[in-house]
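Participant: The following block contains the structure, expressed as structure tokens.
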Amino acid sequence: RLADNVPGMIYQFQLKPNGEMCLPYTSSGCQDIWEVEPEQARNDVNLLFNLIYPEDVVKLKAAIKNSCETLQNWENEWRITTPSGKFKWLKGVSKPQFQTDKSIIWDGYVFDITKRKKAEYALKKLNEELELRVEERTAELNQTEVRLQKLADNVPGMIYEFCLAPDGTTSFPYISSGHKELY
């Protein structure tokens, strides 16, 4: 009952010495996350793997292999298309334990991170748009600066900016090219 009230799916994933994979346990969250009945997933783990994007399966299996070899915790993110056609991002975390029969069982949790990934993507797009707008605005400002410099260079005499600092030091942050004729 506890596992059925957790958003996401609690599971046990087993890798047997012969390479066979199975799910000894899946909570009812399997239906919510994968749109696959827990009993079906327990009977055939490939039902779940077949929903994963092929390039993500490669990364996921490599992470499983690494966790198997090192007995380090496993953590991964991947994409699926559910049987009803929904696109989802999932994240899984688990801890492996070596068994006396030489198999490894990972006790873990899978949860839907689609909203987070959509927000990250939207933020990335907004940042790209902002960077583009900053580049465009910088180009416009550079053009304006060039125009102002040409105007200042054609004004008879000299245009300047004089700065007197509180400590009494002075400087000229800007002097037009007309100063060459005068000085």
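The values are calculated or read from the model by the stated rules, or taken from the named source; none is laboratory data. Keep in mind the model is a prediction, meaning the values are calculated, not measured. Every residue, glycine as well, gets a Cβ built from its backbone with ideal geometry; the counts of neighbours run over all protein chains shown. Just the protein is used for accessible areas: all its heavy atoms, side chains included, with ligands, DNA and RNA removed. Shrake-Rupley method; radii C 1.70, N 1.55, O 1.52, S 1.80 Å.
Participant: With the dipole of the chain worked out from charges on the C-beta (+1 for Lys and Arg, -1 for Asp and Glu) around the Cα centre, which of 146, 157, 130 lies farthest toward the positive end?
Facilitator: 130
Participant: For a quick protection proxy, order the peptides 149-161, 18-30 by their average other-Cβ count within 10 Å, most packed first. If you can, show how the numbers build up before the last one.
Facilitator: Numbers: 149-161: 11.6, 18-30: 16.0.
Per-residue mean Cβ counts within 10 Å order the peptides as 18-30, 149-161.
Participant: OK, next. Size of the dipole of segment 1-125 about the Cα centre, Lys and Arg at +1 and Asp and Glu at -1 on the beta carbon, nothing else charged, in debye to 20? Provide the component values of the computation, followed by the final result.
Facilitator: On the way: 18 positive and 16 negative charges, 120 e Å.
Once rounded to the nearest 20, the dipole reads 580 debye.
Participant: Full-extension gain between residue 20 and residue 162, please, as 0.36 nm times their residue separation minus the C-alpha to C-alpha distance. Can you show the working numbers first?
Facilitator: On the way: separation 142, 0.36 × 142 = 51.12 nm, distance 7.99 nm.
Taking 0.36 nm per residue and subtracting the Cα distance, the gain is 43.1 nm.
Participant: For the chain, with a Gaussian network of springs between Cα atoms less than 10 Å apart, report the residue from 116, 79, 133 with the top mean-square fluctuation.
Facilitator: Answer for the Gaussian network model of the chain: 133.
Participant: Give me the number: length gained by fully extending residue 134 to residue 97, i.e. 0.36 nm times residue separation minus the C-alpha to C-alpha distance, one decimal in nm. Provide the component values of the computation, followed by the final result.
Facilitator: Details: separation 37, 0.36 × 37 = 13.32 nm, distance 5.19 nm.
Here the answer is 8.1 nm.
Participant: Keeping the other protein chains in place, figure out the carbon and sulfur percent of the accessible area of segment 1-72, with a 1.4 Å probe.
Facilitator: Details: 2170 of 4190 Å².
Result for segment 1-72: 52 percent of the exposed heavy-atom area is carbon or sulfur.
Participant: Helix-derived [θ] at 222 nm for the chain: sum -39500 (n - 2.57) over DSSP H runs of at least 4, divide by residue count, nearest 500?
Facilitator: Working: 6 runs with 78 residues, N = 183.
That calculation yields -13500 deg cm²/dmol at 222 nm.
Participant: Okay, moving on. Could you work out how far the C-alpha centroid of segment 1-75 sits from that of segment 139-157, in angstrom?
Facilitator: 65 Å
Participant: Treating the angle as unsigned and between 0 and 90°, give the value, to the nearest 10°, between the Cα long axis of helix 54-70 and the longest Cα principal axis of the chain.
Facilitator: Roughly 70 degrees between the two axes.
Participant: Treat every Asp and Glu Cβ in segment 42-183 as -1 and every Lys and Arg Cβ as +1, leave all other atoms uncharged, and give the resulting dipole magnitude about the Cα centre to the nearest 20 debye. Before the final figure, lay out the partial values.
Facilitator: On the way: 21 positive and 21 negative charges, 189 e Å.
In total the dipole reaches around 900 debye.
Participant: In the Gaussian network model of the chain, springs joining C-alpha atoms below 10 Å, which of 110, 146, 45 carries the largest mean-square fluctuation?
Facilitator: The residue that fluctuates most here is 146.
Participant: Specify which labelled value, from (1) 59, 49, 36; (2) 44, 43, 41; (3) 94, 38, 31, agrees with Cα extents along the principal axes in Å derived from the coordinates of the model shown.
Facilitator: (3)
Participant: Evaluate the charge dipole of segment 101-183 about its Cα centre and quote only its size in Debye, nearest 20, assuming +1 on the Cβ of each Lys and Arg and -1 on the Cβ of each Asp and Glu.
Facilitator: Working: 12 positive and 15 negative charges, 65 e Å.
The calculation lands at about 320 debye.
Participant: Sticking with this one: Using a basic spin-label model with each label point 7 Å from the Cα along Cα→Cβ, how many nm lie between residue 169 and residue 70?
Facilitator: Taking the simple label geometry, residue 169 and residue 70 are separated by 5.3 nm.
Participant: Just the accessible area per residue of segment 33-138, please: how many Å² with a 1.4 Å probe? Mind dumping the intermediate values first?
Facilitator: Details: 6850 Å² over 106 residues.
About 65 Å² of surface per residue is accessible.
Participant: Same structure again: Go ahead and run the numbers for FRET between residue 147 and residue 127, Cβ-Cβ distance against an R0 of 41 Å, rounding to 0.05. Display every interim value, and only then the final one.
Facilitator: Working: r = 30 Å, r/R0 = 0.74.
So the FRET efficiency works out to roughly 0.85.
Participant: Something else: Scan segment 37-146 for GluC sites (Glu not before Pro) in coil per DSSP, keeping those whose Cβ has at most 14 other Cβ atoms within 10 Å, and list them by number. Kindly include the intermediate steps, with their values, before the conclusion.
Facilitator: On the way: sites: 39, 55, 69, 75, 77, 120, 128, 129, 131, 135, 136, 140, 145; in loops: none.
In loop regions of segment 37-146 (DSSP not H, G, I, E or B), there are no sparsely surrounded GluC sites (Glu not before Pro).
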